[in-house]
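Following: one structure in structure tokens, then a few remarks.
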Amino acid sequence: MTKISSSDVRKVAKLARLELPEDQIETYTEQLEEILSYVDQLQEIDTENIPPTTRAVEVVNAMREDIVKVNCSREDLLNQAPHREGDFFRVPKIL
Amino acid sequence: MTFADLRQKLKSGEVSSKELVQEKIERIKTLDTTLNSFLTVNTDEALNQAEYVDKQIASGEPLSPLSGIPVAIKDNLCTKGIKTTCASRILSNFVPPYESTVTKKLLNAGAIMIGKTNMDEFAMGSSTETSAFGPCLNPWDITKVPGGSSGGSASSVAAGLCYGSLGSDTGGSIRQPASFCGVVGLKPTYGRVSRWGLIAFASSLDQVGPFANNVSDAAEILQVISGKDEFDSTTVDIPVPNYLETLSKSIKGMKIGLIDNCFEHDGLATEVKDSVLGGASLLENLGAKIINVSCPRFNDGIATYYVIAPSEASANLARYDGVKYGFRSEDEQSLIEMTSKSRAIGFGSEVKRRILIGTYALSAGYVDAYYKKAQQVRTLIRKDFDEAFKKVDILLAPTAPTTAFGSGENINNPMAMYLSDLLTIPANLAGLPAISLPCGFDKSGLPIGLQLIGNVFEEAKLLQIANQFEEAAEVYKNRPKTGFTL
């Protein structure tokens, strides 16, 4: 049985870049616990030597010519940014 | 009225495309303040497109298959210059600079895009209640949910707000709402239809497909949107057959497999079970052979899905960082704070829940126990289907364990909500095409859906059987009446 603690939820939220208010941590902990406990039924299935399926319908080596095509203008893309400065995306300080 | 009937009327001048569009827009104005099927109504552009088609007709130009027919598009498909929100606050102002392949194909086939439909946020949900822009309601009974995640695409067709629509199906998001709203909904084989411009949820499972009033209209839409796309390397280069040609061919001697695990499930409502088994008898009367088959791992679909889908979603949704597009929380001191806060405000609770599950399942120390294990079980589920298709042409099951449930009934209980996709998820995991068809009604008059699952790329056979069933059952002639004048 999977046991999720509130500190696990805090850690995962940090990894996922998701700020969670303190008063919601408990609810998420309970819900994740319930979902992951349900998922635990998979552990009972014998999967020894069974290869994983990544895609149901495999396409191997889908190749195409490497030709530059313009689908979107640079301006249109830059204009989507919440903050733009010239040809750059503007963000708060990184370090 | 089918697309074929509409084409006839347009050609003969009995009705103009502009009149069709105006009628639907009027209807949206009257009914959709209640239903909330649409997030954006594309009035001006739709009328312009319609006028263009009417001119083509007047000048005797040859018409494209869907010329002049108003259709709706799920709001997770990028439409150039038209807001595409994914029903999320984080994309509430997103206007795509490009057109998705499927919508481009529909537009090239002459269809008129009347609007963008409501959905569960990022297609995560089974009731269209997790939309950031308010829930969508079921036109058969507005105290019930329309299903989800493509609830708006289903309810708009059921309520006659458009003649057909596109949705997307990751774990049942086309078939379950089709079942709840009494319309036809088809999920194609993984790789049959391009995902380019479909906002990604779980990339190994997502497929775009049609909703329609009847099987032949669904076949017509599938015909237009199918095929290899250079922008989606997972599309498969197999010729697209003519789906309409085989619709009326006899199904005598075809073998239809009843998946016994589906009918034994505790959560399956008796009325649903009886109605779907009645549907199987009807197919038997049409000359098909009914055979019981077993898919032992079928019921492990949900557990498998709730590892794979959230894992892929947590990676796909990492792109919403408040930098390049979408919502940004202002005045944050650092990049990490800005991203974490933007996502906290921008995403709703179901999306957050799935990001957390996915991040957990993929985090160091757990990836083998969860993600790899689920992918291995996925192989076993596929193998069950492979075995079944050695014995039968097509599989038959209910689409959903119940008819439409009440608004608010499952919204605070994620696990109960997830279980409503029990019968649809395995087809996604195995990449198989599947269709939901109305097959009857429960005591309170809500529609029941019958699901047919085909082998890979056997959409033609699926549609053929579905069409024969539809003509014999005549369930589709019933339309929702509750509270609406139709």
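Quick note: the coordinates plus some simple rules give every number you see, no bench work behind them. If you're wondering where the values come from, they're calculated on a predicted model, not measured in any experiment. Because the Cβ atoms are built from the backbone with ideal geometry, glycine has one as well, and the counts that use them run over all protein chains shown.
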Using alpha-carbon pairs under 8 Å, 6+ residues apart, how would you state the relative contact order of segment B:181-225 in percent? 46 percent
Rounded to whole angstrom, the alpha-carbon centroid of segment B:1-36 lies from that of segment A:71-95 at a distance of 41 Å
Cα-derived Rg over Rh, computed across segment B:303-355 with Rh taken as Kirkwood radius: 1.05
First select every other residue whose beta carbon is under 14 angstrom from the beta carbon of residue B:389; then total the charges, Lys and Arg +1, Asp and Glu -1. +1
Could you name the lysines whose alpha carbon sits less than 20 Å from that of residue A:69, not counting residues in the same chain fewer than 8 places away? B:80, B:104, B:105, B:228
Angle between the Cα long axis of helix A:22-39 and the longest principal axis of chain A, 0 to 90 degrees, nearest 10? 70 degrees
Could you tell me the center-to-center distance, by alpha carbons, between segment B:366-408 and segment B:306-364 in angstrom? 28 Å
Please state the charge dipole magnitude for segment B:378-486, taken about the Cα centre, from unit charges on C-beta atoms (+1 on K and R, -1 on D and E), reported in debye and rounded to the nearest 20. 100 debye
Amide H within-cut-off set for residue A:84, under 5 Å, with H built and near neighbours excluded: A:90
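If each residue's Cβ is checked for other Cβ atoms within 10 Å, how do B:342, B:165 rank with the fewest at the top? Walk me through the intermediate numbers first.
Details: B:342 26, B:165 29.
Final ranking by Cβ density, sparse to dense: B:342, B:165.
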Quantify how strongly other chains surround peptide B:349-357 by giving the mean number of their Cβ atoms within 10 Å of each of its Cβ atoms. 5
Mind listing the Cα extents of segment A:1-86 along all three principal axes, in Å, largest one first? 52, 43, 14
Rg and Dmax of segment B:404-459, Cα atoms only, in Å: 13.9, 38
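Let me know the Kirkwood hydrodynamic radius for the protein assembly as shown, please, with Cα pairs as the basis and the value in Å to one decimal.
Numbers: mean 1/r = 0.0416 Å⁻¹.
For the protein assembly as shown, inverting the mean 1/r across all distinct Cα pairs yields 24.1 Å.
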Using alpha-carbon pairs under 8 Å, 6+ residues apart, how would you state the relative contact order of segment B:409-466 in percent? 27 percent
Value of [θ]222 nm, deg cm²/dmol, for chain B, DSSP H segments ≥ 4, -39500 (n - 2.57) each, nearest 500: -12000 deg cm²/dmol
Summing -39500 (n - 2.57) over the DSSP H runs of n ≥ 4 in chain A and dividing by its residue number, what mean residue ellipticity at 222 nm do you reach, to the nearest 500 deg cm²/dmol? -10500 deg cm²/dmol
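Order these peptides, B:274-287, B:70-83, by their mean beta-carbon neighbour count within 10 angstrom, highest first. It would help to have the intermediate numbers written out before the result.
Numbers: B:274-287: 16.6, B:70-83: 25.1.
So the order, starting with the most tightly packed, is B:70-83, B:274-287.
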Of B:47, B:35, how do they rank once you tally other Cβ atoms within 10 Å and put the fewest first? B:47, B:35
Net charge near residue B:460: determine it from the other residues with C-beta under 10 Å of the C-beta of residue B:460, scoring Lys and Arg +1 and Asp and Glu -1. -1
The long-range amide H neighbours of residue B:448, using H built 1.01 Å from N in the peptide plane and a cut-off of under 5 Å, are B:439, B:440, B:441, B:442
Inverse of <1/r> over all distinct C-alpha pairs of segment B:1-147, i.e. the Kirkwood Rh in Å, gives 16.1 Å
Neighbour cut-off at most 10 other Cβ (10 Å), DSSP loop, trypsin sites (Lys or Arg not before Pro), segment B:443-481: B:443
Order these peptides, B:221-234, B:107-120, by their mean beta-carbon neighbour count within 10 angstrom, highest first. B:107-120, B:221-234
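Between their Cα atoms, which of A:93/B:324; B:273/B:383; B:9/B:55 are more than 21 Å away from each other? Present the calculation step by step, with values, prior to reporting the outcome.
Numbers: A:93/B:324 16 Å; B:273/B:383 26 Å; B:9/B:55 15 Å.
Exceeds cut-off: B:273/B:383.
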In the neighbourhood of residue B:184 defined by beta carbon distances under 9 Å, the net charge of the other residues (Lys, Arg +1; Asp, Glu -1) is -2
Along principal axes, largest first, the alpha-carbon spread of segment B:271-378 in whole Å comes out as 70, 31, 23
What full-extension length gain, to one decimal in nm, is calculated for residue B:246 and residue B:472 as 0.36 nm per residue of separation minus the Cα-Cα distance? 79.7 nm
What average number of partner chain Cβ atoms lie no more than 10 Å from the Cβ of the residues making up B:413-423? 1
Amide H contacts of residue B:478 (H built 1.01 Å from N, under 5 Å, at least 5 apart or other chain): none
Unit charges on C-beta of K, R, D, E only; dipole of segment B:128-231, Debye: 140 debye
Among A:72, B:86, which comes first, then next, by fewest other beta-carbon atoms within 10 Å? A:72, B:86
Per residue of segment B:166-178, in order, report the coupling 6.51 cos²θ - 1.76 cosθ + 1.60 (Karplus, θ = phi - 60°) as ³J(HN,Hα) in whole Hz, putting x for Gly and Pro. 10, x, 9, 9, 9, x, x, 5, 9, 5, 5, x, 4
